[in-house]
Amino acid sequence: MRALYQFAFFGSLLAGAAAPISAQERGSGTVTGTVTRKSDGSRLAAVTVSVRGAAASAVTGIDGRFVLQRVPEGAQTLLFRWLGYQPQEASVQVTAGGTHTVDAALEAQPITLGEVVVEGASRAPERVVEAPAAVAVIDPVVSRSVSVTGQIPLALATAPGVDVVQSGMNDFNLNARGYNSSLNRRVLVMQDSRDLSIAFLGAQEWNGMSLPLEDLGRIEVVRGPGSALYGANAFAGVVNINTPAAREVVGTKVSLAGGELSTLRADVRQAGLFSAGRLGYRVNLGYNRSDTWTRSRTARDSSDFRAEYAEGTEGPITPVAPEVRPLSGQDTVAGRVATGDRDDLVNMYGAARLDYYADNGAVGTVEGGATQVENEVFVTGIGRVQILKGFKPWSRLAWVAPQYNVTAWYTGRETKDPQYSLASGAPLIEHSAIFHVEGQYHHGFAGDAGRIVVGASFRQYNVNTDSSLMAPQDDDRSDSYYSTYGQVEYKLLPTLRAVVAGRFDDGSVFDPQFSPKGALVYSPNERHSLRVTVNRAFQTPNYSELYLRARAGAPQTGPRTLERSLEGYFATVRGAFGADPNLPATPVNLPWSFDSLTQPFALGNANLDVEKVTGWEVGYKGSLTPRIYASLDLYQNQLSNFVTDLLPRVNPDPVYPLYLLTDGGTNIPQTLTDVDTYLASRGLPPTHPLRAAIPQLRGGYNGLNGAAATLPNGQRIIFVSYANAGKVTERGAELAVGYHLTDELRVEGSYTFFDFDPPEGSLAGDQLLPNTPKHKGTLNVQYAGAQGLDLGVMLRRQTAFNWAAGVFSGVVDWSQTLNVNAGYRVGNNLRVHAIATNVLDQKRFHIYGGSVIGRRVIAGVTATF
């Protein structure tokens, strides 16, 4: 509740900040126009139109038209920019209250890296060539082509060095530079400075986005450790998404699509300006329904899992334990085989944004939205979980000025209908909220030879699982997280820039962390740069790893069977030799009082430390010729303190006292050894049943000892938990090359190499694998031709690799995925488009335990008004 008051108070400060800035109104007018391609006169969409030296900007729609309001009166210069076209300027004399028309015809040209500006590497604008990190910008054409799928990570798959794996229809896993997992949190995903992860697991729910992909604006992918500016979980990189302001997308847009897997999708956007252009609004609504790739795995003989995976691999299949609950909508018959139709996946979202445009170029924003998701299945460390109905609200307040910004945001997650662990059948609940407040300032100095960026933030997590995922003593908790950071850049020489950054983080659930960064960027001219960087980053354990208490599978008969076997064995020995005073004393702590069925649990470990990485990188980025551009990044990382898979005998938390089976009694393995020695002295050979039973009894005891616990309510359980262990050195290379064959046809390719040294210091039973292929590559061909025709082909290929994460372990086979898309503008306001993902229908699972993914073809139409 305290965080809610803080959030409201900060919001009032933001609202008050806007008031004095508009005190003096200046005369202004409106500029409209149409942007076309010079070669054929066809309309161009997505062109950015801005006013030099002023804050007014807009983006052309499908019809090529734009509207700029509140353009200051007097002589103004308009700048027209779009990747793949030569920037163009146009002059206009604006009169107060007048409307003026300025048209532009852009000439196609190869992409020039010097024209591309990014913000993710330094949290301030800079040319991508000079960025002190490995940065890729997602082509807006690619984003638009895959938007109809509703699967945002598909656009990110074109970036070099990025792993995008799909484990369900909407369950994606984004990673970079190795050590992937079923719930990857090593890449921080930010939308307008808002962390998109959920509180309990710390991972993204990609189907929880409340904007379609084509409305997300500029998407940057920064690879490598990034905690010096972004804090926890910017471990392997950052995805930085900047959505357009309302004034940049004025008008109405309606998109409808449908296709294979009973897919139906609809998106509506309305944006406009009022109060003489001082205020702008944007409203988005969307609905998506489809079948799923996910299948039930309940058959007791695992025949359904084997049949599912036989289609997705040419190699061996490692069986997994059968699940006890089928997918929603299905039932089970004899042998627990699932029957009936799966319930469809349903996503609904809505979002609204209100912008205030100040005369000094600042923009104030109030926005919010919510997404409801139904029936999606996610792969977790304890097995698959199905969300029957989840609700994810969010809101954001921001004041963005030319040299500073302040932001406050909230992200929540509410379980409307329980989510179920399919492995155990247990209902799981989450009521959580994240509140965040941050301020940042950046300023040039020494005649723009230097720049400083400083910031500070406060975040609060509130999590309540109704004791379904955490023990009562750990549940319904509130934790705080504080940070301050800064970066200084300075040109040591006209061609050499030094960058030094650092961040201090502290929180309720982890020890203080300092994350430094250093870089040298050498730019002999505007087309080329070389850089050397050193970074350190950390990843905090999530709430599941710290405080989990959840059923981890079906009840087991083993503990009670072992207890009865030991009781019966010692009774037999006593019955045969009880009168002999040399017979070793039998245990006094039997019985252990295990039930006939003992529930296995997965327990968190509150003593976990953060995972750490230190990375060294060398990179090049530049335009080799007017039509060829390339980047090459070489890196070596040292990773340590991994959070292990769920293992027995690793949890020292006194909240769950280990039920050590020797407590209060005789050491059973030693007693069995003494009994074996005694039986041998009585002449019994090793093959005698009393002696032959001893190794099996000793093995059963050793397997249970330290893997059993007593809950506070007295319940005997067996359990697995987490620990920190392991140290790994990894290295790799990421190469990307682009070539403009013509002004309309562009070919881009990337190759990624990954290798690692054998892990050091890992625990027994923990498979510390990078879960990423050694070789992978992409080939992307894009054609943007006359009269609004666009075509695209994207091929991804990777080698096979071993996977181990949570309860799933096996081989992920080699794969090649071919996606094809096409679009055509019909008239000035209508575009038809289609995409086929995995068009060759090569069925593969991308992580072991995930669903087998096949082909999907979707077609749609988008209209603007």
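The values are calculated or read from the model by the stated rules, or taken from the named source; none is laboratory data. All figures in this text were calculated on a predicted structure; none of them were measured in a lab. Reconstructed Cβ throughout: ideal geometry from the backbone, glycine too, with neighbour counts over all protein chains shown.
Of the residues 110, 87, only one is under 27 Å from residue 65 (Cα atoms) and in contact with a His (Cβ under 7 Å, 6 or more places away or on another chain); which?
110
Could you go through the range 583-600 and let me know if any residue there is surrounded by 15 or more Cβ atoms within 10 Å (Cβ to Cβ) and of a type in the set (Gly, Ala, Ser).
Taking every residue of the range 583-600 in turn, none turns out to be surrounded by 15 or more Cβ atoms within 10 Å (Cβ to Cβ) and of a type in the set (Gly, Ala, Ser).
Could you say which residue among 574, 527, 497, 549 is more than 24 Å from residue 197 (Cβ to Cβ) and surrounded by 20 or more Cβ atoms within 10 Å (Cβ to Cβ)?
497
Is it the case that residue 155 is at negative phi, assigned to a loop (DSSP other than H, G, I, E, B) and not charged (D, E, K, R)?
no
If you scan the range 755-792, which residues turn out to be part of a strand (DSSP E or B) and either touching a Phe, Trp or Tyr at 6+ places or on another chain (Cβ under 9 Å) or surrounded by fewer than 15 Cβ atoms within 10 Å (Cβ to Cβ) (or both)?
Scanning the range 755-792 gives 755, 756, 760, 775, 776, 777, 778, 789, 790, 791, 792.
Working only within the range 501-513, note down all residues that are in contact with an Asp or Glu (Cβ under 8 Å, 6 or more places away or on another chain) and surrounded by fewer than 16 Cβ atoms within 10 Å (Cβ to Cβ).
508, 511, 512
Which one of these is over 27 Å from the mean Cα position of the chain (by Cα) and surrounded by 21 or more Cβ atoms within 10 Å (Cβ to Cβ): 332, 294, 298?
298
Tell me, please, whether a residue that is among the β-branched types (Val, Ile, Thr) and closer than 22 Å to residue 622 by Cβ can be found in the range 490-504.
yes
Yes or no, residue by residue, for (1) more than 27 Å from residue 510 (Cα to Cα); (2) assigned to a strand (DSSP E or B); (3) of a type in the set (Lys, Arg):
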residue: 388; (1), (2), (3): yes, yes, no
residue: 420; (1), (2), (3): yes, yes, no
residue: 424; (1), (2), (3): yes, no, no
residue: 448; (1), (2), (3): yes, no, no
residue: 454; (1), (2), (3): no, yes, no
residue: 458; (1), (2), (3): no, yes, no
residue: 461; (1), (2), (3): no, yes, no
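Among the residues of the range 720-735, are any over 30 Å from residue 541 (Cβ atoms), in a strand (DSSP E or B) and touching a Pro at 6+ places or on another chain (Cβ under 9 Å)?
Within the range 720-735, one or more residues are over 30 Å from residue 541 (Cβ atoms), in a strand (DSSP E or B) and touching a Pro at 6+ places or on another chain (Cβ under 9 Å).
With the condition kept exactly as written, say whether any residue in the range 802-813 is in contact with a Leu (Cβ under 7 Å, 6 or more places away or on another chain) and either of a type in the set (Ser, Thr, Tyr) or more than 26 Å from residue 378 (Cα to Cα) (or both).
Within the range 802-813 (the criterion being in contact with a Leu (Cβ under 7 Å, 6 or more places away or on another chain) and either of a type in the set (Ser, Thr, Tyr) or more than 26 Å from residue 378 (Cα to Cα) (or both)), the answer is no, since none of the residues qualifies.
Could you please let me know if residue 254 is part of a strand (DSSP E or B), closer than 23 Å to residue 156 by Cα and hydrophobic (A, V, I, L, M, F, W, C)?
no
Suppose we filter 336, 353 for residues that are in contact with a Lys or Arg (Cβ under 8 Å, 6 or more places away or on another chain) and at pLDDT below 95; which single one remains?
Result: 336 is the single residue among 336, 353 that is in contact with a Lys or Arg (Cβ under 8 Å, 6 or more places away or on another chain) and at pLDDT below 95.
Mind telling me which of the residues 96, 58, 46 ends up being closer than 30 Å to residue 221 by Cα, part of a loop (DSSP other than H, G, I, E, B) and of a type in the set (A, V, I, L, M, F, W, C)?
So the residue among 96, 58, 46 that is closer than 30 Å to residue 221 by Cα, part of a loop (DSSP other than H, G, I, E, B) and of a type in the set (A, V, I, L, M, F, W, C) is 46.
For the range 438-446, indicate whether the set of residues that are outside any strand (DSSP E or B) and surrounded by fewer than 21 Cβ atoms within 10 Å (Cβ to Cβ) is non-empty.
yes
List pairs: first in the range 508-537 and outside the structural domain of residue 130 (by TED's automatic domain parsing) and of a type outside the set (Asp, Glu), second at pLDDT below 95 and in a strand (DSSP E or B), Cβ under 9 Å, 6+ apart or cross-chain?
Partner pairs satisfying both residue conditions: none exist.
Find the residue count for the range 174-196, including only residues that are polar (S, T, N, Q), buried (at least 23 other Cβ atoms within 10 Å of the Cβ) and part of a strand (DSSP E or B).
Of the residues in the range 174-196, 1 are polar (S, T, N, Q), buried (at least 23 other Cβ atoms within 10 Å of the Cβ) and part of a strand (DSSP E or B).
Pick from the range 576-607 the residues that are assigned to a loop (DSSP other than H, G, I, E, B) and touching a Leu at 6+ places or on another chain (Cβ under 6 Å): which of them is nearest to residue 668 (Cα to Cα)?
Among residues in the range 576-607 that are assigned to a loop (DSSP other than H, G, I, E, B) and touching a Leu at 6+ places or on another chain (Cβ under 6 Å), the one nearest to residue 668 (Cα to Cα) is 604.
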